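*Asks:* This structure is in structure tokens; I'll ask about it shortly.
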Amino acid sequence: MSSPGELAGARLLIVDDTPQNLRLISDFLAEQGFELMLTRSGAQALEKVRLATPDLVLLDVRMPDMDGFEVCRRLKADPAAAGIPIIFMTALDDAVHKVEGFRLGAVDYVTKPIQREELVARIRHHLQLHRLQRELFEKSEDLAAKNAELEAYAHTIAHSLKTPLATANRFLEILAKYKTGEMSDEAHRLVQQACDAMAMTGDVVDALLMLSTVAQQSVELQTLDMQAVVTNVRSQLADLQTRTQAKIELPRTWPVARGYAPWVAEVWLNLVSNALKYAGAPPIVELGAVSEGTQVRFWVRDNGQPLSEEERVRIFTPFTRLHRERASGHGLGLATVQRIVTRLGGRVDARPGPSGGNEFCFWLPAASPQRAEREGRAAVRQRQ
């Protein structure tokens with residue numbers, strides 16, 4: 001907290017149409033070290049704020065021509081002045097006027113005759129609070145700018161790595177085709193290790209690109225054909241499903257939701273592939289969904305070892321891997337899931353499955369049947 005000495009010199013605007021009140025208040029506050037701006041009308045107060053922004057406004061409610069409520073209303077409507085704390089001063093001590101003042105954006109209310117010590121305490125409190133809020137806002141803006149720079153940097157680096165990685169991978173593929181006798185067993189082993197490492201590096205680069213793209217790209221939400229999205233994802237995971245001998249259970253129908261199909265496909269791809277890798281032997285994976293008011297909850301349930309509460313808290317943190325011994329990974333998949341779903345207006349969660357195992361679920365905005373029908377007709381017209 002700022003000390004009283006640090007707040008001395010803060011600029012206060014005092015607005016009161018009674019000269020005696022204005023003099024008494026200003027004399028006392030001047031003794032406290034505040035810099036004062038004085039005026040006796042609402043119109044003059046607005047002009048003074050325009051010329052020199054005060055740190056706080058002491059505003060009388062009852063004034064001719066323009067009362068304090070109107071002055072407050074106009075200040076809060078001005079983006080340049082909206083953040084200035086306003087304390088109302090009035091002889092009216094009824095709840096209706098207090099509520100009206102707070103509704104208009106005032107931070108406090110003192111009644112006449114004003115108690116000097118109380119007034120100074122309230123002024124200092126709101127000056128300190130306003131200063132802290134301003135500092136927090138500035139730090140938040142600075143942090144947001146730095147995060148944006150990091151996202152752009154990550155995207156640039158990941159994109160720049162795509163070409164040299166592809167070149168190196170092609171070279172390794174050529175080496176891997178050499179026949180026995182043309183290359184020693186040890187050389188073949190090292191080439192295979194290099195191929196595996198290159199594939200893992202490519203996965204990391206792709207994941208970083210997706211993570212940074214989601215942060216920077218703006219998309220328009222559309223009604224999803226979830227059946228088509230999931231079918232496409234299953235085709236991409238067909239080899240993994242065959243290797244793990246997994247069983248994937250699907251619902252007969254899907255509730256209608258809104259999102260961006262390429263991103264939602266990435267969500268399903270990460271969740272289902274994780275279930276195939278880390279579930280039981282063989283994996284049993286259930287996909288489903290249910291409407292919940294204005295949102296639709298989708299889930300992937302598995303028959304794997306249930307995660308602990310601590311693991312469920314950490315699972316969506318970037319570069320977090322909970323099963324290092326079971327499968328290789330980069331720890332970006334679930335972080336990407338969370339970022340995508342958040343950008344689409346939903347949220348994610350990990351919880352114990354209803355019949356054991358784990359349930360990873362995400363929410364997306366629900367789409368009304370009428371909207372879905374309109375967008376479906378529009379899509380047909382575009383294809384024609």
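The values are calculated or read from the model by the stated rules, or taken from the named source; none is laboratory data. On a predicted model such as this, the values are computed, not experimentally measured, just so you know. No Cβ is skipped: glycine too gets one built from the backbone with ideal geometry, and neighbour counts run over all protein chains shown. Remember, those area values only see protein heavy atoms, side chains included, never the ligands or the DNA or RNA. Shrake-Rupley method; radii C 1.70, N 1.55, O 1.52, S 1.80 Å.
*Asks:* Just give me the residues in the range 284-319 being touching a Leu at 6+ places or on another chain (Cβ under 9 Å) and among the β-branched types (Val, Ile, Thr), in sequence order.
*Replies:* Within the range 284-319, VAL285, VAL296, VAL300, ILE315, THR317 qualify.
*Asks:* If you don't mind, there's one more thing I want to ask. Restricting to the range 115-136, what's the tally of residues that are aliphatic (A, V, I, L, M) and open to solvent by 40 Å² or more (accessible area, probe 1.4 Å)? Reasoning before the result, please.
*Replies:* Our first condition is that a residue be aliphatic (A, V, I, L, M); within the range 115-136, this holds for 119-121, 123, 127, 129, 132, 136.
Narrowing further to those that are open to solvent by 40 Å² or more (accessible area, probe 1.4 Å): 121, 129, 132, 136.
Looking only at that region, the number is 4.
*Asks:* Still on this structure, I have one more. Which condition number does TRP268 fail, the rest of (1) open to solvent by less than 50 Å² (accessible area, probe 1.4 Å); (2) outside any loop (DSSP other than H, G, I, E, B); (3) at pLDDT 95 or above; (4) over 18 Å from MET210 (Cα atoms) being met?
*Replies:* (4)
*Asks:* Show the residue pairs that are 6+ apart or on different chains and have beta-carbon atoms under 7 Å apart, the first residue being within the range 26-41 and farther than 16 Å from GLY9 by Cβ and in contact (Cβ under 8 Å) with a residue 12 or more places away in the chain, the second being open to solvent by 30 Å² or more (accessible area, probe 1.4 Å) and assigned to a loop (DSSP other than H, G, I, E, B).
*Replies:* ARG40/ASP17; SER41/ASP17; SER41/ASP65
*Asks:* Just need a number here: residues in the range 111-131 that are of a type in the set (A, V, I, L, M, F, W, C) and free of Cβ contacts under 8 Å to residues at least 60 places away in the same chain. It would help to see each step written out before you state the result.
*Replies:* Quick first cut of the range 111-131, residues of a type in the set (A, V, I, L, M, F, W, C) only: 114, 119-121, 123, 127, 129.
Checking which are free of Cβ contacts under 8 Å to residues at least 60 places away in the same chain leaves us with 121, 129.
Final tally of qualifying residues: 2.
*Asks:* Quick one: would you say ASP93 is open to solvent by 70 Å² or more (accessible area, probe 1.4 Å) and either over 28 Å from the mean Cα position of the chain (by Cα) or modelled with pLDDT of 90 or more (or both)? Can you show your working first?
*Replies:* Numbers: open to solvent by 70 Å² or more (accessible area, probe 1.4 Å): yes; either over 28 Å from the mean Cα position of the chain (by Cα) or modelled with pLDDT of 90 or more (or both): yes.
For ASP93, the condition - open to solvent by 70 Å² or more (accessible area, probe 1.4 Å) and either over 28 Å from the mean Cα position of the chain (by Cα) or modelled with pLDDT of 90 or more (or both) - is met.
*Asks:* In this structure, does ALA30 turn out to be within 16 Å of ILE123 (Cβ to Cβ), of a type in the set (A, V, I, L, M) and surrounded by fewer than 18 Cβ atoms within 10 Å (Cβ to Cβ)? So that I can check it myself, show each step before the final result.
*Replies:* Details: within 16 Å of ILE123 (Cβ to Cβ): yes; of a type in the set (A, V, I, L, M): yes; surrounded by fewer than 18 Cβ atoms within 10 Å (Cβ to Cβ): yes.
In short, yes.
*Asks:* So which of ALA275, ALA281, ALA289 is aliphatic (A, V, I, L, M) and assigned to a loop (DSSP other than H, G, I, E, B)? So that I can check it myself, show each step before the final result.
*Replies:* Details: ALA275 fails: assigned to a loop (DSSP other than H, G, I, E, B); ALA289 fails: assigned to a loop (DSSP other than H, G, I, E, B).
When all the criteria are applied, what remains is ALA281.
*Asks:* Given the structure, is VAL99 open to solvent by 20 Å² or more (accessible area, probe 1.4 Å), touching a His at 6+ places or on another chain (Cβ under 6 Å) and not polar (S, T, N, Q)?
*Replies:* Numbers: open to solvent by 20 Å² or more (accessible area, probe 1.4 Å): yes; touching a His at 6+ places or on another chain (Cβ under 6 Å): no; not polar (S, T, N, Q): yes.
Answer is no for this residue.
*Asks:* Which one is farthest from the chain's Cα centre (by Cα), of the residues in the range 202-231 that are under 26 Å from ASN303 (Cβ atoms) and open to solvent by 80 Å² or more (accessible area, probe 1.4 Å)?
*Replies:* Checked the range 202-231; the qualifying residue farthest from the chain's Cα centre (by Cα) is GLN227.
*Asks:* If you don't mind, another one. Looking only at residues in the range 278-321 that are open to solvent by less than 40 Å² (accessible area, probe 1.4 Å) and in contact with a helix residue (DSSP H, G or I) (Cβ under 6 Å, 6 or more places away or on another chain), which one is nearest to THR244 (Cα to Cα)? Explain how you work it out, then say what you get.
*Replies:* Start the filter on the range 278-321 by keeping residues that are open to solvent by less than 40 Å² (accessible area, probe 1.4 Å), which leaves 279-280, 283, 285, 287-289, 296-300, 302, 304, 307, 315-316, 320.
Next, only the ones that are in contact with a helix residue (DSSP H, G or I) (Cβ under 6 Å, 6 or more places away or on another chain) stay: 283, 285, 300, 302, 304, 315-316, 320.
Details: PRO283: 7, VAL285: 12, VAL300: 17, ASP302: 13, GLY304: 13, ILE315: 23, PHE316: 24, THR320: 23 Å.
That would be PRO283.
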